[in-house]
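Data first, discussion second: the structure below is written as C-alpha cells.
The values are calculated or read from the model by the stated rules, or taken from the named source; none is laboratory data. The structure displayed is predicted, hence computed values, not measured ones. Counting neighbours? That spans all protein chains shown, and the Cβs are built from the backbone with ideal geometry, glycine included.
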Amino acid sequence: MSQPDELAFLDATAQAELVRRKEMQPLELVDAAIERIERLNPTINAVVTPMFDQARDAALNNLPDGPFSGVPFLLKDLLAFYAGVRMTFGSKLLQHFIPDHDSELVLRYKQAGLVILGKTNTPEFGILPTAEPVLFGPCRNPWNTERTTGGSSGGSAAAVAAGMVSVAHGNDGGGSIRIPASCCGLFGLKPTRGRNSLGPDFGDIMNGLVAEHVITRSVRDSAAILDATEGPALGDPYWSPPKERPFLQEVGADTGRLRIGFTNGKDLGISVHEDCISAVQDAAALCSELGHDVEEKSPSINRDEMIEAFIVLWSAGNASTIKAVGAQQDQVEPLTWALAQMGLKYDAADYIIAVQTIQRMARGISSFFDEYDIWLTPTLGEPPVPLGTFDSPPDDPLWGFARSGEFVPFTPICNATGQPAMSVPLFWNDESLPVGTHFVGRFGDEATLFRLASHLEAARPWAGRRPPVSA
C-alpha cells in the first residue's frame, strides 16, 4: 500500500499499525500526505503554513515509539505553539510571530509519534464559527466549496474530510471542534474542562471556556489521542476527574441502557432549521432502536442570562488578547476591534458577576444529569451556510458575531459548564451536506460518550462517505 489515495481514508490507528508492522515507513506516510495536501489545498485552502521539511526530518530521525508513530498530523494555527514555526492566530497582526517553545499539548503530540505537517486555517483569533480570515482567505468545505467549513477549527476539519490527513488538532471555546465536525461530516469531541493542558502559556482561557483536542474520522482515533494527551501539566490551575481506564477501552464497550433526554430546540425557544430537527429526531430514533430510554427533555436554562454572561467573558477575553499584543485598530479585522472595544466597556466587577452567573448555571444544568446520562441536541441551528454569511457590513462590525449566535445556539452551553460533548455525523440532508448531532455528557464522563459514539458508528457507519473534493 503505497499510493497516496489508498492511504487517504485510513484512520490514524490503521496508519500507525502499518508502521508498527513495518509494512510502511513513516516517510512514506508523510510523503503521501504531503502529495494530497499539495493537490487538494489550492481548492479548499485548509493548510496555511506548510511544515513539510520539518515533517520529513521528523519522519527520518528516530520518532518516539508512541501509539501514533509516523502518522501525519496538522495543527490548528491557534494556541498550539510549535517552536520555530509562525503562529498567526489567523491575524495579519501576528503573521510574522514565531514562538520559541512548544506548547505542552504539542509536546504530547510529538511524544505520541504524530508527525506535524503544517498549520490550518482559522478565523482571526478564533472568533467566528467559520474559517474566513482576511489574512488567508476562506477555507472551503469539501462537500460544497461555496459553503462554510464551520469554525473556528475549519481548516483542520476540511483537511480531514478531504483526506489530506486522518486527524488534525482543534480547540473549542464555543463549539469550535464540534461546529466544523458537523459541517464537514466528522467526529468531534470537546473534552471536559481541564482534560488537556493549555500550558505553559495559559492556565485557562476566558474562565475555562476553551478546551483542546482533535477532529477525526473514527471514534477510536479520538479516544486514543485523548489517552495520549490528557492529564495536568505542572502549574495547571485545575484538571478534570481522572479516568477509570484508557478511553480507547471504552470504544466498543457495553453502554448499558442509557437515559437520554433530547430536544429539537423548541422547548428552549431556539429556532432550528428543519434539517437539523430531522437529524436530531433521526438520532433519537436510532438511540431508541439501540435499546436506550429516550424522551424529549432538556435542562432548565435561562438562555438570555447565559448569553449575556458568555458575551462578557468572550469580549473581555478578546480585549485582553488585543491589549496583550498591543494591536491598533488598523492591524486587526473590524469585528475583532469592535468586540475588543465591547470587552473594554466591562469592568472587573462585571467580569466576576459573569463568572459567578456561568458557574451557578453550570450547577443547575449539571443537576439534569442526576436523572439523565446524555442530553441530545442539534449540533447547529442550520446546515453549513454559504461562505460570507458572517460578513459584517462596514457600519455594523458586530453584526457577524450576532449572526453567529443563530448558527451555534447549543454548543457554547458546554463551554460554559465545562462538560464533554461530541458532534456525531449521522445525517446528510437532501443537498448531500452533513448535519451533525450533538451529545452532551456529565462532567468528567467522556467514557460514556465514547461508548455511545462507537455503537452509533457501528450502527450507522460514516467513514465510507467521501466529499466531492477529496483524495
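Observations, loosely collected:
- Residue within the stretch 283-301 that is in contact with a strand residue (DSSP E or B) (Cβ under 6 Å, 6 or more places away or on another chain) and without any contact (Cβ under 8 Å) to a residue 12 or more places away in the chain present: yes
- Subset of the stretch 253-271 [of a type in the set (Lys, Arg) and touching a Phe, Trp or Tyr at 6+ places or on another chain (Cβ under 8 Å)]: ARG259
- Qualifying residue in the stretch 334-343 (condition: within 20 Å of SER392 (Cα to Cα), of a type in the set (Ser, Thr, Tyr) and out of contact with any Gly (no Cβ under 6 Å at 6 or more places or on another chain)): yes
- Residue under evaluation LYS345, criteria (1) out of contact with any helix residue (DSSP H, G or I) (no Cβ under 7 Å at 6 or more places or on another chain); (2) surrounded by 17 or more Cβ atoms within 10 Å (Cβ to Cβ), criterion not met: (2)
- On inspection, ASP77 qualifies as touching a Ser or Thr at 6+ places or on another chain (Cβ under 8 Å) and surrounded by 18 or more Cβ atoms within 10 Å (Cβ to Cβ).
- Odd one out for GLU35 among (1) part of a loop (DSSP other than H, G, I, E, B); (2) at pLDDT 95 or above: (1)
- Lone unmet requirement of (1) closer than 28 Å to PHE439 by Cβ; (2) at pLDDT below 95 for VAL325: (1)
- Checked against the criterion of being among the hydrophobic types (A, V, I, L, M, F, W, C), surrounded by fewer than 16 Cβ atoms within 10 Å (Cβ to Cβ) and part of a helix (DSSP H, G or I), the stretch 333-341 has no qualifying residue.
- Picking from residues in the stretch 15-32 that are among the charged types (D, E, K, R) and in a helix (DSSP H, G or I), the one that is nearest to THR216 (Cα to Cα) is GLU17.
- Qualifying residue in the stretch 304-321 (condition: hydrophobic (A, V, I, L, M, F, W, C), surrounded by fewer than 18 Cβ atoms within 10 Å (Cβ to Cβ) and out of contact with any His (no Cβ under 8 Å at 6 or more places or on another chain)): yes
- So LEU105, is it touching a residue at least 40 places away in the same chain (Cβ under 8 Å), under 19 Å from LEU198 (Cα atoms) and crowded, with 22+ Cβ neighbours inside 10 Å: yes
- Residue within the stretch 394-402 that is among the charged types (D, E, K, R), modelled with pLDDT of 95 or more and farther than 23 Å from ASN141 by Cβ present: yes
- Any hit, the stretch 385-396, residues being farther than 26 Å from ALA340 by Cβ, among the hydrophobic types (A, V, I, L, M, F, W, C) and crowded, with 20+ Cβ neighbours inside 10 Å: no
- Hey, THR49 closer than 24 Å to ALA83 by Cα, at pLDDT 95 or above and hydroxyl-bearing (Ser, Thr, Tyr) or not: yes
- Strands (runs of 3 or more DSSP E) wholly inside the stretch 183-301 that include at least 3 residues being surrounded by 18 or more Cβ atoms within 10 Å (Cβ to Cβ): 187-190, 211-216, 259-262
- Cβ-Cβ contacts under 8 Å between residues 6 or more apart (or on different chains), taken from a first residue in the stretch 135-146 that is surrounded by 24 or more Cβ atoms within 10 Å (Cβ to Cβ) and basic (Lys, Arg) to a second residue that is at pLDDT 95 or above and in a loop (DSSP other than H, G, I, E, B), are listed as ARG140/ASN45; ARG140/GLU146; ARG140/THR149; ARG140/LEU387; ARG140/VAL469.
- The stretch 224-274, subset among the acidic types (Asp, Glu) and touching a Leu at 6+ places or on another chain (Cβ under 8 Å), residue nearest to PHE439 (Cα to Cα): ASP227
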